[in-house]
Every structure is written in C-alpha cells, then in structure tokens.
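Report on the following structure.
What follows draws every value from the coordinates through simple rules; no lab data is involved. Since we're looking at a predicted model, the values are computed, not measured. Note: ideal-geometry Cβ built from the backbone for every residue, glycine included; neighbour counts use all protein chains shown.
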C-alpha cells in the first residue's frame, strides 16, 4: 500500500509511505533554495516530486491532504498546470472529540491531467499522528498523551492508544502565537505592523531571552493581565472560536502590558513572559492529569510549533508528571505531510508505528560547479584536520534531514574551541550576535560535557554546559550557559558520525559547532554548487569531495 501525504499550505511538503515505511518527505523550502514556509500553489509540484523518485501519480494507492482553516471544511485555491481548481479538505480542528480519525473523502485532485480521489484529515489530527506514530511508544504498543500547541490553537491534550485517538481538553486559553506576539511588542523585533503572523520570531526570542532575567514582579503583571484578558472569558474555550479574534485579544493583552511595564528592560520582560507561559503550561498539565486520573504508564508526545521550544520541552520532562517524553524532529507543520499519511495508515491498520529515518529528505542534486572551485577526494581524517585548524566547512552528506534543524546532512561545521567562532558563524549567516551555535556531539560522551547530556538526536531539549568544559568549547555555550545539543551515536552510519570520531581522535574533543547550511531565510542548500555560489565558507565537503576556491572571489550579498 503506497500512501502520499500532502501539505499544501505553509511548510508545504510531500511524503510517501509504503507498507508502513517512510520512503521520503520533500519539504518545498528544501528545493531550489526556496524561501522558508513555502507553499504549494500548483499541483505540478506533486507530479514532479513523485517523478524524481521514480513514481507516477497512478502508482499511488491513496492521496491524503492535510486539513486547514475552516469550521466544517477547508477550501484551497490552487492550480494544476494552468487550470485553476478548488480542493475541499478537512478543517483545522477535529469535528468530534472521540472521532479524531474521521476522514473527509473527495474527488478532484488533478495530477498530470488525470483526476484522483483523495482523503483529508483535520490539521490537528496530522500533528497528533505524526508525533505518536514516530514515537518509541508506538513501537512498544503503549498509549500516550499528546500535547499539541500550535500557533493558532490553545494547548490541546489528546490521548492515543492502539484503537484510536481522542481529544481530552484545552489546558488554558492562550494560542501558541502568544510567544511571537510578545516579540512584536517588546525587544528587537518590536513592530507597529501586526497584520500578519511572523513565523520567524519565536525561535529568535528563545535565544534572545538569555540576555535577560525573569522577574517575579513582571510575571505577576502578566498573571493579572492574563486573568483579566483570557481566563475570565470562558467563551474563548468554544471549540471554533475565531483565531483572528484571539490574535486581536493577544495584542490588547500586550498593549496593556506595555503600559504597566514601561521602563522595564525588554529582555527582562520577554524572559519573564517565557517563564510565565512555562508555568502556565506545567500547571495546566498537572491539573488536567489529576482531573483525568489515567492509570498506567504516562507517556507524552509533544507536537505543534511550540514543540520547537527546547526549554518548555525540558521543563515538562523534568516535572516528573511523565515517565517519558517524545518530540519528533518535525513537531511544526514541516511534519504535516507525514502526519497526513500516518492518518491514512492508522485508519487502515489501527494505530501502528511508522518505520522512518530523519534523513529522508531530498537527495543532493547534481549540478554544474562554478569554474573557480576545484575538487579533490577528502577522507574524514583530512577533513577533521581542516576543522581543527579553525576553518569552517560546509558539510553536505546523503539525503537532507527532516524538519527545520540541520542535523549533519546539510550543516556548516566548525571547531568549538574559540569564542570567536560563534561570532564568525553568526556573521556569515547574517544572524544576530545573541543567536546560539549548536553543538553536535558523540552520544556516549555527551553526559561528560552537558547536563543532563541525555540522548538528543534531534536538538529538542535544553542542556547546560558543565563548568569544567565551558572554556574548552566556548563557541557552543549560549549566554545562559545552555546548549542546543544534538547527539549522534559513534556507531551511526551517517558520515557526520565518522567525522566526529576522527575529530575526537585528533583533538580529544568529541563535538563540533553545527549550524544550518542555507541562504538567509531559505531552506537548506540543495547541492554543492549553491554552497560554492554562496561563497561565505571556503571549504565545501560533499559526499567525499572537498571543493575549494582556486581564485578568491567576492561572496554573494545574501546570507
């Protein structure tokens, strides 16, 4: 059985699952240097993606489209070739709390001149199923709670077991976009133009708050305003209360906060708001679990855009409320195509695990290299020697990683032994000085260097750098002493693991700086030629070849 899951709206992607195994997932931002949050406006993109993997639309047994905005159904206007059409889909939220896997079945998906039937599931259902089906709980056949907190939703709690999934309750009435909205009112991203949802602010704020200190007095102000603007309004908890109205209520909330917090440092205000939301989340979860009274193992999956907040993930994990916590590498909408396919898989077979690898993105393209760049063979020992001399390397290996974070397949790697390296990497990436550079570390040595240093293959939890290591690897230590750690087993077959082992033999240090290889505001480099044309790093390693400039040229102006 071959299923094609499709996400048409922002963070668009196409995924194919065959006999319970993820064959590929191509996020559109990772094609042709596309901008982040790319959509699919023409169904020809689906035909092209299938063709790149040796498939025709007629080779697919079932097409599934992720649901989107709408109370009863969603309507998506797009093209198939030059022909305009409207596709009907499931809504954003489930219609019935105990029938999460209800499909909306239609005909009208026009691909390569032929019309195909398709199914659609609620957007939230895709989030829940992508998180659970990729989890260790699914493999063990254990049930799990699923926390879904997306930009346009309140934090929603679900329960998934072998026979299905159901919605339990909302934890509190504040949409996930509150975090980014705070940045539109305070700090370096403050703006008077609040008509659109800025999807790029939240991750930057998570770094920026390290400049500040949370203050109980500021948190108390937010609590009073929350009680006044949100908690007192029970109508907000209506299942389909308009998200745009809630967005307006957020700005009223922050307008009032600006008045009451006048004179406070914005970094302290934002740090305090972060901790206010964290406490609200933990308190809401604790109250819900006590009220629901579920017996047995307490497992938690986290999904939705807020699942990228490593500090909240860690806070939930350390509460003791759960036996184990799982976050997939694509908790945001980049995992929605996989989620749509998992919905169909579950409908047919019950809730079963998906066989998958994080390195299931697009393969590297073959393209003409700029004439001023020359290639030679380069093994991992030679590459480790280059890195040990404080020279960064663009590292492109195999298929791209899924989700928004570079995990060694499309990375810029560098030695972490110089504090200046963090500034250098932020400069070439055109990033703010306070942005962290992540470490990629051999898993067995991570506890020696970080606390807790537990396995974190997808960079989704918070770790503190141990004091005795901070002076040895200053480039990856954030302003608050934390690190956005990625771990990888030294037994991994991925080339980045082999490189780390060689670098460790050479230097005694089992980690490197790791940041994404991309133009500013765009997806990962699709090929070595793009990295060469970018020209901000002088060494490009791509599947065994090291490319270097034979003539010094000026880098392009884009980051």
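For 174, 421, the sequence from fewest to most other C-beta atoms within 10 Å is 421, 174. Quick one: if the Förster radius is 22 Å, what FRET efficiency do residue 363 and residue 490 give, using the C-beta to C-beta distance and rounding to 0.05? So the FRET efficiency works out to roughly 0.30. Note on the range 375-406 and the range 71-121: Cα centroid distance 41 Å, given to the nearest whole angstrom. Note on the chain: antiparallel DSSP beta bridges, both residues inside, total approximately 75 percent of the bridges counted.
In the chain, helices alone account for a calculated mean residue ellipticity at 222 nm of -9000 deg cm²/dmol, with every DSSP H run of four or more residues adding -39,500 (n - 2.57).
From least to most packed, judged by other beta carbons within 10 angstrom and beginning with the fewest, 433, 520 follow the order 433, 520.
Looking at the range 135-327 alone, DSSP beta bridges between its own residues are antiparallel in about 60 percent of cases. Between the range 261-281 and the range 1-61, the C-alpha centres lie 40 angstrom from each other.
Calculated from the structure, Rg/Rh (Cα atoms, Kirkwood Rh) equals which of [x] 0.96; [y] 0.99; [z] 1.04? Checking each listed value against the structure points to [x].
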